[in-house]
Each structure stands twice: as C-alpha cells, then as structure tokens.
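Peer 1: The following block contains the structure, expressed as structure tokens.
The values are calculated or read from the model by the stated rules, or taken from the named source; none is laboratory data. All of these numbers come straight from a predicted model, not from anything done at the bench. With ideal geometry, Cβ positions are generated from the backbone for all residues, glycine too; neighbour counts draw on all protein chains shown. These accessible areas exclude ligands, DNA and RNA; they are computed on the full protein's heavy atoms, side chains included. Shrake-Rupley method; radii C 1.70, N 1.55, O 1.52, S 1.80 Å.
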Amino acid sequence: MQAAGLVDADARGRLHVHTPDDREIAELFQVRGALEGLAARAITGNERRADIVAELRRHLPPASVVGDFSDHMNRDLAFHERMVRLSENSILLDAWSGLQDRMRIIFFARGGDRPSTIMTRDHHLPIVDAIASGDHRAAHDTLVAHMEQAARLWVDAPAR
C-alpha cells in the first residue's frame, strides 16, 4: 500500500492514510485526462462506435447530486472505467485501474460527504456526445477539459 501511494510512514514507522496535496491532485487528473483522452480517441475510430456510445449513454451517472457520496463516486468512476474498457486497449485499462485507489483517496480527502455536480449526467453527456460525433480531436479535448475542471474542483475543495 505504501508503494502504491496509499499510505505514508512517519519517522517512527507508523502508517497513516496518504493525504494528497494540490499538486498531486492536479497531476492525477492530468494523467487521467491523457489516459481517458486516448480511450475517447480510440472509441471514435472504432467501427462499433454507435454501439459503444449507446452503452455509455445507458451507464451515465445520475442526473442529480441527491444521495450518498460513495454511490455517486462509484458510479462516476464506473462510467470512466467503462469508457476506458470500451477502448479495447488492455494496457490502457491496466494503467487507469492502477489509479483508482488514489482517486478514491482524493475524493474522500477533499469532499467525501457530499456529491459534486461534476459527478452528474450533465457533466458526462458532452463526453459521450463528442465520442458519438466521430471527431477524435473533439472527443479527446472534451475529456481533457472535463478532467481539468475536476482537478480545479478537488484542488479547491478543503482538505478534511
């Protein structure tokens, strides 16, 4: 867990949950933007794009922020994971999956009691629409913009 960046050891060797700083949060979302942007680009060129888009639409996060934070977080991450999985790039999926625990730590450390509107359907629909357009640059750029907005949100959220 320490090698994965999930826990830190103090001078006496005691372990505690890692608390990400603003730079780490920004970097994580930058990497997610690169990985997920690559996935979006791959999907736009896939001959099954229409079927993939239909599946993504069926799995969009909820439309409102009413409810449990953990549920919203899990549904948000599930949508993004599904998109990466549908890119049919197993190495990309492995890289993305390796970041999930760190993402969860950020979400809980910087907001873990109330869902954010960025976890809603309205913030994910433009990604799906851009993929549906078949324009790989638009799909990539829309995804990266989504991650940049998420980074700003979580960096600006007070640490708990």
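Peer 1: What are the residue pairs meeting all of these: first residue in region 51-71, first residue closer than 16 Å to Ser133 by Cβ, second residue among the small types (Gly, Ala, Ser) and surrounded by 13 or more Cβ atoms within 10 Å (Cβ to Cβ), Cβ atoms under 8 Å, and 6 or more apart or on different chains?
Peer 2: Val53/Ala132
Yes/no per residue for (1) among the hydrophobic types (A, V, I, L, M, F, W, C); (2) out of contact with any Lys or Arg (no Cβ under 9 Å at 6 or more places or on another chain); (3) in a loop (DSSP other than H, G, I, E, B):
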{"site": "Asp51", "(1), (2), (3)": "no, yes, no"}
{"site": "Ala63", "(1), (2), (3)": "yes, no, yes"}
{"site": "Phe79", "(1), (2), (3)": "yes, yes, no"}
{"site": "Arg102", "(1), (2), (3)": "no, yes, no"}
{"site": "Phe108", "(1), (2), (3)": "yes, no, no"}
{"site": "Arg114", "(1), (2), (3)": "no, yes, yes"}
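Peer 1: Can you tell me which of Arg152, Arg75 is out of contact with any Gly (no Cβ under 6 Å at 6 or more places or on another chain), open to solvent by 60 Å² or more (accessible area, probe 1.4 Å), more than 22 Å from Ile43 (Cα to Cα) and free of Cβ contacts under 8 Å to residues at least 60 places away in the same chain?
Peer 2: Every option except Arg152 fails the conditions.
Peer 1: Shifting gears a bit: What number of residues within region 15-59 satisfy the criterion of being of a type in the set (Ser, Thr, Tyr) and open to solvent by 60 Å² or more (accessible area, probe 1.4 Å)?
Peer 2: 1
Peer 1: Take Ala145 and tell me if it is aliphatic (A, V, I, L, M), surrounded by fewer than 18 Cβ atoms within 10 Å (Cβ to Cβ) and assigned to a helix (DSSP H, G or I).
Peer 2: In short, yes.
Peer 1: What's the number of the only condition in (1) modelled with pLDDT of 95 or more; (2) part of a helix (DSSP H, G or I); (3) closer than 23 Å to Arg57 by Cβ that Glu88 fails to meet?
Peer 2: The single condition Glu88 does not satisfy is (2).
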